[in-house]
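Here is the structure we will look at, set down as structure tokens.
What follows is calculated from the coordinates using simple rules that are stated; it is not laboratory data. Note that the coordinates shown come from a computational prediction; the quantities given were computed from them, not determined experimentally. When we count neighbours, we look across all protein chains shown, and the Cβ atoms used for this are built from the backbone with ideal geometry, even at glycine.
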Amino acid sequence: MMECMEKKASSSSHSQVRRTFDSLSNNDGVHGKKVSSSSHSQLRRQFDSLSNDDEVDEEEFESDFVAPKKKVRGPTRNLELAKLPAGKRLDINWRMNRPVGPNAKLFKSRCTVLVRDVKNAPLKVKEWADIKIENKIKMFDLVLTYFKVEGRKHLVWAQMNSSYRSYRHLLKKRYFEPYDNPEIARANIPLEMEKEDWDYLVNLWIDEGWQVCTSYDIIIVN
């Protein structure tokens with residue numbers, strides 16, 4: 001159911017900021033207050049900045065989230081692909097319906113870039129299956145610009161589905177689960193995300209019916 005190498009942030013600095021950030025967040029949320037202090041905001045920007053330097057690794061999506069940072073840089077992009085000569089496209093090998101070989105990582109990163117753009121893959125849907133077919137066709141055509149995947153449309157979409165689910169999972173783990181009170185999480189909108197998109201996700205994650213369906217799906221998949 002349900003990109004471009006960057007310099008890695010120091011793990012010790014990242015952990016220290018995270019601990020301080022979480023501690024301050026928990027203290028602010030004891031009485032259900034909206035998190036809005038200048039100290040909290042400063043730590044939040046520092047934490048997001050460190051996270052922004054993490055290397056993207058689609059195979060280990062626990063660490064592939066790149067938090068957008070205002071007035072610093074745009075969305076993560078495939079710079080290696082942008083350097084390809086005009087008209088050159090890369091081969092993709094497949095094994096058990098999964099991309100493998102020397103260009104697999106670039107391919108996965110391209111899919112990740114596409115599904116993290118809400119113009120392509122809106123967040124206000126319950127799952128990948130609910131995204132309009134015309135959006136999926138558009139993304140497939142954009143993949144064709146760089147990769148030889150003719151006749152592999154559904155395999156490309158399967159990778160996009162995986163990247164899309166990983167992205168939403170990381171949003172939930174990074175910005176929703178650390179808070180006991182969902183309304184505090186709701187007040188801490190991830191940078192560069194529209195409020196209505198974040199509201200939709202928070203409402204989805206606190207919906208008991210959706211939680212039951214998701215738990216059932218995990219059991220079936222495992």
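One table, with the values for the structure above:
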item: Two-site FRET efficiency, LYS124 against ARG98, from Cβ-Cβ distance with R₀ of 30 Å, rounded to 0.05; result: 0.55
item: Full-extension gain in nm, LYS132 to LEU144, via 0.36 nm per residue minus C-alpha separation; result: 2.4 nm
item: Rg/Rh (Cα only; Kirkwood hydrodynamic radius) as it applies to the range 92-222; result: 1.00
item: Links that overshoot a 29 Å alpha carbon limit, given the list LYS136/LYS172; LYS124/LYS148; LYS126/LYS148; LYS88/LYS138; result: LYS124/LYS148; LYS126/LYS148
